[in-house]
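The next block holds one structure in the form of structure tokens; read it before the comments.
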Amino acid sequence: MRDPILRIEDLHIEFRTSRGVIHALQGVTFDVMPGEIFGVVGETGCGKTITGLSVLRLLPRSARITQGNIRFEGVDLLKISQREMRSIRGGKISIIFQDPSTSMNPLFTIGFQMNKVIREHLKFSREKARERALTMLAATGLPDVERIYDSYPHQLSGGMLQRAMIALALSCEHSLLIADEPTTALDVTIQSQILQLMRELQQKLGVAMILITHNLGVVANMCDRLVVLYAGRVVEIGESRSIFENPQHPYTRGLMSAIPAPGSRGNRLSAIPGNVPIDPGALKGCVFAPRCAFVMPRCLKESPVMFHLSKDHASTCFLAERGDLF
Amino acid sequence: MLMNLQKAEYILRRLLTSVFVLLGLTVITFFIARVVPSNAAALYIGPKARPEDIERVTKLLGLDKPLPVQYLVYMRDVLKGDWGTSISSKRPVLQEIASRFPATFELLCTAMIIAVATGIVVGVISAQWQGKWLDILVRAASIVGVSVPAFWLGLLLQILFFRNLNILPLSGRVDSDLRFTHPIMVTTGIYLIDAIIHQNWVALKDVCLHMILPALTLAAYPASLIARMTRATMLEVQSQDYIRTARAYGLKESFIVYILALKNAISPTLTVIGLTLAYALTGSFFVEIVFNWPGLGMFTVRSLLNLDYPAIMGITLFGAIGYVLINLLVDIVQTWIDPRISLS
């Protein structure tokens, strides 16, 4: 078996706020294989974005990594110097953010911003970097790339900007791309085009991708494997097909039944009652227990551990362990 | 191409509004100047005016005509370059202003250059060290800078640097002995430039020494305001997504702060610079008196005390034109920095 390109082990992240410490991640563990699309799924506030940012060491000032490690291509990212980290950011790992209209600097042209990054990491000349940027813009299906190169962000639509962002994210021969809700801020009609494009380019360039999303439908179409996070913990992890065919955690099941199915017009969408707890660290037992339809007395007292159903499918639910969920 | 057209249109539009602003201003100053002096003709002649003289001068100055007519006549004269005659000196107002303007201009420019340079640098540093002792120090100093009156600060500096340390001159633009030893040939009226043009290095040194205290006094307020503004906008800009993107793509921290963030932070700061210039202009009146600086400020104060209304109107109009021009310039520079501006 190949070595994973990224291995996150037992990652704990805390936020220090004026109202005390909030445990945002508690022991998140997963591997990303080279060349695969790996989904990170969960509701708002479950720790998806924090996980993505922690890989690039871009956490907000109030956040602290208290435990665990992040290994990228065998290097512990939490131990290397700022300088080394800087060459990995944008050089080996790149990221696409949710809202393209705010993630590009409004006062500089697309070309200036791409050019600078390419020169920084590939040590190209200005002219060669420009060619590279134009090639990448064209690869994302943008028309009239020379004009777009000289455009300011406000002159492009959201979809065009996100294409430019993808061009930037793939311009430096990266080996890992983190896409944090890359289509959430876009028009519905454009979302599938962008996802399609990302998959095409991902396969062509052979880059591994972490797709962070709250949308299980997106994950089902795109990902090889996925992890479902809830309140800063892994609740289910494995091959996407296996998870979709046989979800082994009540939360995953809840998420799946919240996807509107085609032809289900008129039926009310089911929703998981309740909200993600603000500080899951304060809870005893299973973090999902307060919202779980299958809750048992045991769930409120003990924390379930990861139970492996097969080589590549695991869940943290007592029911999965007993095989009782279905 | 399209951008440039939009930009040109925007600038043209701003120019037009500026003209209207100035026109409105002349209406206001004109009517105030006609209403405030109880009897302009009597004022013109002096304390021992006889009734028949007053009548004659009233006719001579056109004060017997209806106010709108007087305004039109006034506007015609203003456009022709005839800004009236000073009551106290009996010389043309425009000439009076022109002869004093270079001194004020020189002081104002030096002060603003100091203010902008220190304000931006200090503001950026303060933002980078947010919450640390340096930042706290800068914030405290800038509060002092905006609250201390200019004349008081001027006196304080004079006591410290002239009386106690005796390293800087007390007042004036040049040392009086210099007129005989190394006289400055006046070409532009701006001594710093004149001294350089005529390679009068002794005079240049003297002019610089005389400039330090008044320029610092005048710079204190705008520098503090610009520093506070720069700090605030830098902090705001640095929390933006695009700065996170720049970090996520491994760009150098210095490039992120001084190019990517600062360019975004400079726009609001620039607006403040345009506005503080008005404060600096009024501030210069006090500073000029404290430092015996032969500029417009002294002239203004004298005109106000003598109720020399043509001079007051002239100075007001002149100041307004300067102010409108500066703000126009700021707006044009803004379009160059921020491509989104010409769209709104």
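The values are calculated or read from the model by the stated rules, or taken from the named source; none is laboratory data. Please read all numbers here as calculations on a predicted model, not as lab measurements. Cβ coordinates were reconstructed from backbone atoms using ideal geometry, including for glycine residues, and neighbour counts include every protein chain displayed.
Mind listing whichever residues of segment A:150-196 are among the small types (Gly, Ala, Ser) and more than 24 Å from residue A:33 (Cα to Cα)?
Residues satisfying the conditions are A:151, A:157, A:158, A:159, A:164, A:185, A:192.
If you take just the helices (runs of 4 or more DSSP H) that sit entirely in segment B:149-257, which of them hold at least 1 residues that are farther than 30 Å from residue A:53 by Cβ and in contact with a Gly (Cβ under 9 Å, 6 or more places away or on another chain)?
B:150-158, B:201-238
Which residues, counting only those in segment B:73-120, are β-branched (Val, Ile, Thr), within 30 Å of residue B:146 (Cβ to Cβ) and exposed (fewer than 14 other Cβ atoms within 10 Å of the Cβ)?
Residue satisfying the conditions is B:113 alone.
Quick one: is residue A:49 closer than 30 Å to residue A:149 by Cα and either more than 9 Å from every other protein chain (Cβ to nearest Cβ) or part of a helix (DSSP H, G or I) (or both)?
Values: closer than 30 Å to residue A:149 by Cα: yes; either more than 9 Å from every other protein chain (Cβ to nearest Cβ) or part of a helix (DSSP H, G or I) (or both): yes.
In short, yes.
Assess whether residue B:249 counts as being within 14 Å of chain A (Cβ to nearest Cβ) and without any contact (Cβ under 8 Å) to a residue 40 or more places away in the chain.
Working: within 14 Å of chain A (Cβ to nearest Cβ): yes; without any contact (Cβ under 8 Å) to a residue 40 or more places away in the chain: yes.
The answer is yes for residue B:249.
Out of (1) closer than 19 Å to residue B:313 by Cβ; (2) surrounded by fewer than 16 Cβ atoms within 10 Å (Cβ to Cβ); (3) at pLDDT below 80, what's the single condition that is false for residue B:6?
Residue B:6 satisfies every listed condition except (1).
Checking residue A:20 against (1) surrounded by fewer than 20 Cβ atoms within 10 Å (Cβ to Cβ); (2) of a type in the set (Gly, Ala, Ser); (3) closer than 23 Å to residue A:99 by Cβ, which single condition isn't satisfied?
Among (1) surrounded by fewer than 20 Cβ atoms within 10 Å (Cβ to Cβ); (2) of a type in the set (Gly, Ala, Ser); (3) closer than 23 Å to residue A:99 by Cβ, residue A:20 violates only (3).
Failed condition for residue B:48, given (1) crowded, with 16+ Cβ neighbours inside 10 Å; (2) not in a helix (DSSP H, G or I), with all others met?
For residue B:48, the failing item is (1).
Criterion first (without any contact (Cβ under 8 Å) to a residue 40 or more places away in the chain and under 16 Å from residue A:175 (Cβ atoms)) does residue A:205 satisfy it?
On the way: without any contact (Cβ under 8 Å) to a residue 40 or more places away in the chain: yes; under 16 Å from residue A:175 (Cβ atoms): yes.
Considered against the rule, which asks whether it is without any contact (Cβ under 8 Å) to a residue 40 or more places away in the chain and under 16 Å from residue A:175 (Cβ atoms), residue A:205 comes out as yes.
Given the options B:212, B:266, name the one that is more than 14 Å from every other protein chain (Cβ to nearest Cβ) and either among the aromatic types (Phe, Trp, Tyr) or surrounded by fewer than 24 Cβ atoms within 10 Å (Cβ to Cβ) (or both).
Details: B:266 fails: more than 14 Å from every other protein chain (Cβ to nearest Cβ).
The match here is B:212.
Answer with yes or no whether residue B:188 is within 29 Å of residue B:282 (Cα to Cα) and within 14 Å of chain A (Cβ to nearest Cβ).
no
Being within 25 Å of residue A:57 (Cβ to Cβ) and surrounded by fewer than 23 Cβ atoms within 10 Å (Cβ to Cβ) narrows it down to one residue among A:135, A:109, A:102; which is it? Quick ask: steps written out before the conclusion?
Values: A:135 fails: within 25 Å of residue A:57 (Cβ to Cβ); A:109 fails: within 25 Å of residue A:57 (Cβ to Cβ).
Every option except A:102 fails the conditions.
Filter segment A:242-258 for residues that are more than 20 Å from the chain's Cα centre (by Cα), part of a helix (DSSP H, G or I) and either closer than 13 Å to residue A:316 by Cβ or polar (S, T, N, Q) (or both) and give the result.
A:250, A:257 - these are the residues of segment A:242-258 that are more than 20 Å from the chain's Cα centre (by Cα), part of a helix (DSSP H, G or I) and either closer than 13 Å to residue A:316 by Cβ or polar (S, T, N, Q) (or both).
Only one of B:338, B:308, B:331 is in contact (Cβ under 8 Å) with a residue 40 or more places away in the chain and within 27 Å of residue B:33 (Cβ to Cβ). Can you tell me which?
Unique residue meeting the criteria: B:308.
Quick one: how many residues across segment A:90-116 are within 25 Å of the chain's Cα centre (by Cα) and farther than 21 Å from residue A:158 by Cβ?
Residues that pass the stated criteria total 4.
Name the residues in segment A:273-298 that are under 24 Å from residue A:13 (Cβ atoms), at pLDDT below 75 and either more than 21 Å from the chain's Cα centre (by Cα) or not in a helix (DSSP H, G or I) (or both), would you?
A:274, A:275, A:276, A:277, A:278, A:279, A:281, A:282, A:283
Of all residues in segment A:219-233, which are assigned to a strand (DSSP E or B) and under 14 Å from residue A:49 (Cα atoms)?
The first filter runs over segment A:219-233 and keeps only residues assigned to a strand (DSSP E or B), leaving A:225-230, A:233.
Within segment A:219-233, A:227, A:228, A:229, A:230, A:233 meet the criteria.
Quick check, is residue B:225 over 30 Å from residue A:114 (Cα atoms) and hydrophobic (A, V, I, L, M, F, W, C)?
For residue B:225, the condition - over 30 Å from residue A:114 (Cα atoms) and hydrophobic (A, V, I, L, M, F, W, C) - is met.
If the requirement is being touching a strand residue (DSSP E or B) at 6+ places or on another chain (Cβ under 9 Å), farther than 13 Å from residue A:36 by Cβ and of a type outside the set (S, T, N, Q), which of these qualifies: A:227, A:207, A:235? Explain how you work it out, then say what you get.
Details: A:227 fails: farther than 13 Å from residue A:36 by Cβ; A:207 fails: farther than 13 Å from residue A:36 by Cβ.
From the options A:227, A:207, A:235, the qualifying one is A:235.
Mind checking whether some residue in segment A:45-56 is aliphatic (A, V, I, L, M), surrounded by fewer than 22 Cβ atoms within 10 Å (Cβ to Cβ) and over 13 Å from the mean Cα position of the chain (by Cα)?
No, there is no match, as no residue in segment A:45-56 is aliphatic (A, V, I, L, M), surrounded by fewer than 22 Cβ atoms within 10 Å (Cβ to Cβ) and over 13 Å from the mean Cα position of the chain (by Cα).
Mind listing whichever residues of segment A:126-139 are in contact with a Gly (Cβ under 8 Å, 6 or more places away or on another chain) and either touching a residue at least 24 places away in the same chain (Cβ under 8 Å) or within 13 Å of another protein chain (Cβ to nearest Cβ) (or both)?
Residue satisfying the conditions is A:133 alone.
For every residue, the table says whether it meets (1) more than 8 Å from every other protein chain (Cβ to nearest Cβ); (2) within 24 Å of residue B:339 (Cβ to Cβ); (3) not in a strand (DSSP E or B).
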residue	(1), (2), (3)
A:71	yes, no, no
A:91	no, no, yes
A:102	no, yes, yes
A:119	yes, yes, yes
A:124	yes, no, yes
A:141	yes, no, yes
